Structure formats: structure tokens, C-alpha cells
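Chemist: Questions regarding the structure given below will be posed in turn.
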Amino acid sequence: MSGNHYKGHEVSCCIKYFIFGFNILFWLLGMALVGIGLWAWSEKGVLSNISSITDLGGLDPVWLFMVVGGVMFILGFAGCIGALRENTFLLKFFSVFLGIIFFLELTTGVLAFVFKDWIKDQLNLFINNNIRAYRDDIDLQNLIDFTQEYWECCGAFGADDWNLNIYFNCTDGNPSREKCGVPFSCCTKDPAEDVINTQCGYDVRAKPDSEQKDSINVKGCVPQFEKWLQDNLTLVAGIFIGVALLQVLWLSEPKGSGPGPSSNVGSSLLSSADFWDLFGAELSERHRGRAGELVRT
């Protein structure tokens with residue numbers, strides 16, 4: 001065996017094709033998300049007028065599909081092709097990219113814990129900016145309606161936040177029929193109603209506060225989101241820890257007793273650094289073998 005080869009364990013085909021199968025699913029899912037995003041932009045005419053991407057005052061939800069799908073596509077491609085073709089560049093790129101994502105997740109979590117009040121202010125500002133742009137984009141409108149219905153809330157900290165929208169504000173010069181109202185997603189739901197009443201929020205904020213409670217949800221979405229996090233803390237923490245452990249499994253480099261794969265991982269698993277280096281060593285050996293065959297012929 002060449003000096004560049006590890007003595008002892010070789011890369012298991014099961015591990016190799018497990019990595020390949022996992023990453024091809026990741027790759028295909030990322031491709032699907034990007035495809036959905038491009039289709040949504042095409043339906044809204046964004047692809048024929050690229051400058052309109054920046055015209056929306058709030059968040060275009062399509063960006064979530066494009067960014068998440070793009071990252072998943074790149075990671076899946078590097079892991080899938082790198083494992084199948086034993087390409088050390090793609091495999092190391094996969095590890096570095098995953099390490100950067102893990103670092104960003106860790107940094108975000110620490111900052112969110114340390115600067116909780118600042119995060120709350122930024123979330124309030126973000127929601128209010130999207131309230132202003134509520135009628136500007138149908139995808140944003142659907143996202144806000146879904147959020148308000150799911151958390152049974154209205155506005156960032158209350159229904160009066162809808163004064164920020166030109167269609168719903170209570171100013172005397174507002175000619176809109178929705179003046180002093182709220183979107184239908186703020187309304188309390190009647191289980192007996194099969195058809196959604198989209199006009200249930202009309203003129204509701206012109207009524208006294210005591211009467212508003214009978215027809216709309218008066219709690220803001222920021223407090224409701226905080227309450228949801230507290231009620232589902234175990235689930236949220238479990239998801240984040242599970243994702244983190246998967247990333248650490250790829251990025252970990254346990255110390256072993258010899259030059260081969262680490263004994264701490266077990267005979268069937270390799271640390272990521274050993275795994276990628278062993279791929280490279282095998283690939284180099286194959287190239288040398290092929291070169292030797294060409295010389296002999």
C-alpha cells in the first residue's frame with residue numbers, strides 16, 4: 001500500500017453511498033425550492049423586470065425559497081458529487097461550507113440571547129415594514145395572513161399597528177373602504193362558518209377597545225411569538241440541537257491513537273478529516289495505477 005494510504009481501515013462503501021444518498025436528496029430538495037422560487041417570480045413578472053426585485057418595501061417570501069434552496073443545492077451538489085467521484089476539492093468545500101453555516105448559527109443564537117431586547121425591537125421594525133407593504137405583494141400578503149391566523153394575533157404589538165398601512169389607517173383623508181379596519185386574518189374565527197368573511201375587519205378599529213375584543217384578536221404577533229417559543233421550548237431546542245449534532249458529526253475531528261481513522265468513532269465511521277484525506281489518497285493511488293498501465297502498454 002502506498003505511503004499516502006492509511007494502513008488498516010478503508011472507506012466503507014456503505015458510508016460512501018450513505019453520504020451520496022443523503023446529499024442527493026438534499027440536492028434535489030434544494031433544486032425544487034429554487035425552481036418554485038423562479039416560478040413564483042415568473043408569475044409575478046419579476047424575471048422580465050429584474051429591477052422590481054428591490055421595489056417591494058417589505059419582505060418578498062420568494063427570497064426565502066431562493067436563499068435556502070440555493071444553499072441546499074450547493075451543499076448537496078458538493079457532498080453528492082464529492083462522495084461519488086471521490087473529489088477531495090468538493091468534499092473539503094462541503095466541510096468548510098458546513099462549518100461556516102454552523103458558526104453563523106452558533107453566533108446568531110448567542111447574539112439573540114445576549115441582545116434579546118434589540119432583537120425584539122428589530123422584529124417589531126421588520127413586521128411594521130411588512131405591514132406597510134401588505135397590499136404590494138400577494139406572497140407577502142399571504143405570509144402575513146398565515147402568521148396572524150396561526151398565532152391568533154394582529155399587528156406587531158396590537159391592531160393599531162395597521163395604521164401604518166395606507167389602506168387601513170384612520171386618517172380623515174383616507175378614501176379606502178378598509179379605513180380604520182384590519183385584514184380578515186385578524187378576525188376571531190367562528191367554527192360554524194364554512195366561508196371566510198373577508199370583510200369582517202372593516203371599521204373594527206373605529207369601535208371602542210372593549211368591543212374590538214369580540215371580533216378581532218387584539219394581541220400583537222411579537223408577544224404571541226414569544227409565548228409560542230416558551231410553550232414549545234423543548235421542541236425548538238430539540239430541533240436546533242439535532243441539526244447542530246448532525247453538523248458536528250461531519251465537522252468533528254476526534255483525536256485517535258494512530259495515523260489511521262480515530263478509534264473514538266468506531267471501526268465503521270471515520271472522522272471527517274481522515275475520511276476526506278483517505279478519499280484523496282485512494283484517488284491519487286488510482287491515478288498512479290492508471291498511469292502505470294498506460295506506460296506498460
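Chemist: Which net charge results when you count Lys and Arg as +1 and Asp and Glu as -1 among the other residues whose beta-carbon is under 14 Å from that of Leu233?
Modeler: On the way: positive: Lys227; negative: Glu226, Asp231.
Surrounding charge for Leu233 is -1.
Chemist: Ok, one more. Going down the list Lys44/Lys179; Lys189/Lys213; Lys120/Lys219; Lys179/Lys213, which pairs span over 20 Å between their C-alpha atoms? Walk me through the numbers on the way to the answer.
Modeler: Numbers: Lys44/Lys179 27 Å; Lys189/Lys213 12 Å; Lys120/Lys219 16 Å; Lys179/Lys213 18 Å.
Where the Cα-Cα span goes over 20 Å, the pairs concerned are Lys44/Lys179.
Chemist: Ranked highest first by the average count of other Cβ atoms within 10 Å around their residues, in what order do 154-160, 101-107, 171-177 fall?
Modeler: Working: 154-160: 22.4, 101-107: 12.7, 171-177: 9.3.
In descending order of packing, they fall as 154-160, 101-107, 171-177.
Values in this text are rule-based calculations from the coordinates and carry no lab data. All figures in this text were calculated on a predicted structure; none of them were measured in a lab. Cβ sites come from the backbone with ideal geometry, for glycine too, and all protein chains shown count toward neighbours.
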